[in-house]
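Structure, as structure tokens:
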Amino acid sequence: MSTLLVLLLSGYVAGCVLPLCVPHRPRLQNLLAHGLAGTASLLGISLGLCGLVASQPLTRSLSSSIPYLDFAFRLDALAAFFILTISLVGLAVAVYAVGYVTKFYGRTSIGALGVLFNGFLLSMTLVVLADNGFFFLIVWELMSLLSYFLVVTEHEKPDVRYAGLFYLIMTHLGMACLMLTFCIFFQDTHSFSFEAFRNPHTALSEGLRTLAFFTALIGFGTKAGIVPLHVWLPYAHPAAPSHVSALMSGVMIKMGIYGLVRVYFDLLGGQFPWWWGFIILVVGAVSALLGVMYALMQHDLKSLLGFHSVENIGIILLGIGAAMVFHTYGLNEFAALGLMAGLYHTINHAAFKALLFMGAGSLLFATHTRNLEEYGGLLRRMPWTGFFFLVGALSIAALPPTNGFVSEWLVFQSLFVSFKLPSLFLKLMLPLAAAMLALTGALALVCFAKAFGISFLAQPRSVHARRAVEVPLSMRGGMGALALICVVLGLGPMLVVPLFDRITGPFTGAAISAQVLALDGWALAPVKVEFSSISTPVLGAMLIGLGALGLLLAVVIGGRLTKRYYKTWACGLNLTSRMEYTATGFVQPIKRVFGTIYQPTVKLETEFLEESKYFIKHRRFEFHIEPVFEKYLYMPVVTYCLMAAERFRIIQAGSLHLYLAYIFVTLVVLLLCAV
């Protein structure tokens with residue numbers, strides 16, 4: 001494993017250096033950068049699998065001359081799982097990027113883009129390997145800065161610069177909270193070593209543990225995109241190049257999930273009151289429901305996918321929150337089930353969300369627009385992209401037998417076994433969270449019926465859609481790899497579930513894969529098969545069998561199949577794209593039902609012919625959703641800060657004598673404090 005680790009890090013470093021050695025040759029820079037990233041990702045897959053099955057964690061450390069800083073690495077099962085997730089997505093995105101970045105030839109430096117891409121993957125890998133708080137904060141900040149520079153790749157656009165600034169501010173808000181979290185641990189241990197955090201000489205007081213809980217939740221939650229800290233996602237994801245969006249949504253926001261699990265279950269020893277888990281449950285339920293509700297109203301495909309990242313982070317937190325609640329009451333088997341469900345959904349979401357962002361990037365590549373209203377009829381023109389996008393859509397909508405269905409089903413089961421809890425309040429709250437998850441799932445299905453149907457079916461609604469052609473082979477290869485992973489993770493849970501024992505066992509004290517895998521591994525059960533069970537391989541076989549049976553009956557009863565072409569009936573008129581459902585019209589009923597939450601603004605302007613007011617010359621329709629969190633939470637803070645800054649401007653009088661007086665007073669105060 002040591003050799004694999006060195007080769008992995010060396011591969012990413014080479015990907016950062018070699019593209020700069022061949023300036024003014026964008027094609028070669030492209031192949032070098034993404035080829036080396038793909039090679040390193042292959043090594044990361046091997047390292048992740050080795051780490052998951054290893055009997056002992058791999059630890060390495062390099063001391064430094066900087067106090068409290070050690071370049072300490074630790075590859076345990078949790079780190080190995082996230083390296084595997086990063087590397088699987090990284091490999092597919094690297095293959096996809098070979099074709100996708102050709103659109104940037106002549107517009108931006110391909111060498112710089114490749115360096116940032118490799119550095120971004122390297123920084124995320126180092127985040128999960130770091131075993132020292134000081135080192136962790138350095139690589140966390142490196143990850144944030146590299147992702148910022150990737151977001152503002154097209155910095156000549158004002159909206160991209162605004163999105164980058166918004167993201168930078170939010171990520172440093174989270175960074176400040178993380179620094180405070182590790183300083184709390186440092187207070188008692190006088191060390192930034194994670195090993196010292198795990199085994200302190202004196203335990204943290206209850207007040208400091210609670211403070212660490214909240215600072216970690218805000219710090220890691222900002223990166224993960226929990227409500228109300230999610231506001232940067234719908235800005236940053238559309239602004240970034242699509243292969244970068246796939247990495248950010250697929251794996252970068254999972255670094256927040258990694259941090260929460262690492263701090264709560266590892267560094268804090270899994271010792272917490274029940275209300276910690278309850279808060280995580282509430283945050284998860286609210287994030288899941290509001291994320292999908294706001295996604296439904298989006299007509300920019302990448303913004304829609306960005307809000308769905310908020311939804312799926314919420315689903316992951318539902319599993320983790322349930323695990324924390326059960327662990328508090330000593331129900332370790334059910335705690336392991338909840339943690340397993342959350343982590344299973346982590347890798348599943350990484351696969352299907354990266355796939356969907358690459359699908360959105362393919363549509364942008366072919367049509368030069370992200371607006372759903374300008375798509376339509378693309379399945380004929382881009383059949384491979386349409387098929388892969390459909391696999392991702394079925395997965396994120398949690399339809400059987402896809403991977404999204406498996407992990408969401410496990411999350412449901414971890415919430416349904418709340419009857420085992422001794423608290424009546426929690427017995428009621430966990431099923432309520434399950435009900436919110438059920439509503440979330442229904443809305444997600446509607447959302448992706450809209451996203452796929454409006455984009456790929458019916459007739460083209462713009463010149464862009466009519467002229468679209470299929471994307472290059474490398475882009476299809478990247479999407480196909482993730483589509484295959486979605487299918488394997490859905491149909492083969494018996495291959496995945498035993499590996500989770502390596503992660504959940506040390507944290508919860510229970511190994512449950514033998515109980516979760518029923519019928520010799522062909523079915524899943526929530527610890528007790530008598531409660532419920534399901535088999536995705538059987539479901540898949542039934543779907544294929546029923547489809548084949550339907551086709552057979554059609555042939556037997558109807559005779560030989562023939563093709564006949566007819567025009568679609570349109571009340572005697574010629575069918576045009578203006579008769580199709582639009583993205584706005586599709587979600588109109590939902591907008592009305594949840595109007596109190598959306599607070600929509602509708603503006604309709606009508607221009608009549610000069611000859612008669614009864615004949616319409618032109619009509620303009622505008623529809624906006626109120627950005628509730630920005631308006632009522634963030635804007636008041638911004639306004640207050642600007643007002644305070646305006647008042648403090650008085651000290652900037654432009655007088656050199658006054659500035660010297662400031663320095664003199666400061667020195668006097670420091671001397672007095674020193675005495």
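Here, each number is a calculation from the coordinates, and none is a lab measurement. All values derive from a computational prediction rather than experimental measurement. Neighbour counts are summed over all protein chains in view; Cβ atoms, including those assigned to glycine, are modelled from backbone coordinates with ideal geometry.
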Hey, fewest Cβ within 10 Å first, where do 381, 107, 198 land in order?
107, 198, 381
So if I take the alpha carbon set of the range 281-510, get Rg, then get Rh from the Kirkwood formula, what is the Rg over Rh ratio?
1.04
Projecting each Cα onto the charge dipole of the range 281-510 (Lys/Arg +1, Asp/Glu -1 at the beta carbon, about the Cα centre), which of 403, 313, 468 comes out farthest on the positive side?
468
Return the FRET efficiency for the residue pair residue 567, residue 519: r is the Cβ-Cβ distance, R0 is 41 Å, and the value is rounded to the nearest 0.05.
0.20
Dimensionless Rg ratio for the range 628-674, taking C-alpha atoms and the 2.2 N^0.38 Å reference:
1.80
Non-local residues with an amide H under 5 Å from the amide H of residue 193, with H modelled 1.01 Å from N and Pro and chain starts lacking one, are 133
Sorting 616, 534 on the 10 Å Cβ count, fewest up front, what's the list?
616, 534
Find which of 217, 135, 85 sits farthest along the positive direction of the dipole of the chain, computed with +1 on the beta-carbon of Lys and Arg, -1 on that of Asp and Glu, about the Cα centre.
85
Unit charges on C-beta of K, R, D, E only; dipole of the range 548-599, Debye:
160 debye
All other residues with a Cβ under 9 Å from the Cβ of residue 396 taken together, and with Lys, Arg as +1 and Asp, Glu as -1, what is their net charge?
0
Note down the nm distance, to one decimal, between modelled labels 7 Å out along Cα→Cβ at residue 588 and at residue 279.
4.5 nm
Compute the FRET efficiency between residue 54 and residue 484 as 1/(1 + (r/R0)^6), taking r as their Cβ-Cβ distance and R0 = 35 Å, and round to the nearest 0.05.
0.85
Return the long-range amide H neighbours of residue 523 (sequence gap of 5 or more, or a different chain), with a cut-off of under 5 Å between placed amide H atoms.
518
At 7 Å along the Cα-to-beta-carbon direction for both residue 599 and residue 660, put a label point, then send me their distance in nm to one decimal.
5.3 nm
Grab the beta carbon distance between residue 609 and residue 439, set R0 = 51 Å, and tell me the FRET efficiency rounded to 0.05.
0.65
How charged is the neighbourhood of residue 622? Take every other residue with its Cβ under 13 Å from the Cβ of residue 622, and add Lys/Arg as +1 and Asp/Glu as -1.
+1
For percent of Cα pairs over 33 Å apart the list reads [x] 46; [y] 66; [z] 51; the calculated value is entry [z]
State to the nearest 20 debye the size of the charge dipole of the chain about its Cα centre, where the only charges are +1 on K and R beta carbons and -1 on D and E beta carbons.
1840 debye
In which sequence would 566, 100, 640, 68 go, from the one with the fewest C-beta neighbours within 10 Å to the one with the most?
566, 640, 68, 100
When the Kirkwood radius is taken over all Cα pairs of the range 159-299, what Stokes-Einstein diffusion coefficient follows at 37 °C and 0.692 mPa s, in µm²/s?
202 µm²/s
With the crude spin-label approximation of a point 7 Å out along Cα→Cβ, what separation in nm comes out for residue 542 versus residue 469?
4.5 nm
So if each residue of separation counts as 0.36 nm, and I subtract the Cα-Cα distance between residue 621 and residue 66, what length gain in nm does that give?
193.7 nm
From the residues 229, 98, 652, which one has its Cα farthest along the dipole of the chain in the positive direction, the dipole being from +1 and -1 charges on Cβ of Lys/Arg and Asp/Glu about the Cα centre?
98
With -39,500 (n - 2.57) per DSSP H segment of 4 or more residues and division by the full residue count of the chain, the 222 nm estimate, nearest 500 deg cm²/dmol, is -22000 deg cm²/dmol
Expected output is a single nm value to one decimal: the length gained when fully extending between residue 646 and residue 669, i.e. 0.36 nm times separation in residues minus the C-alpha distance. What is it?
5.7 nm
Please list 3J(HN,Hα) in residue order for the range 433-444, calculated via the Karplus relation 6.51 cos²θ - 1.76 cosθ + 1.60 where θ = phi - 60°; whole Hz, with x for glycine and proline.
4, 5, 5, 5, 5, 5, 5, 4, x, 5, 5, 5
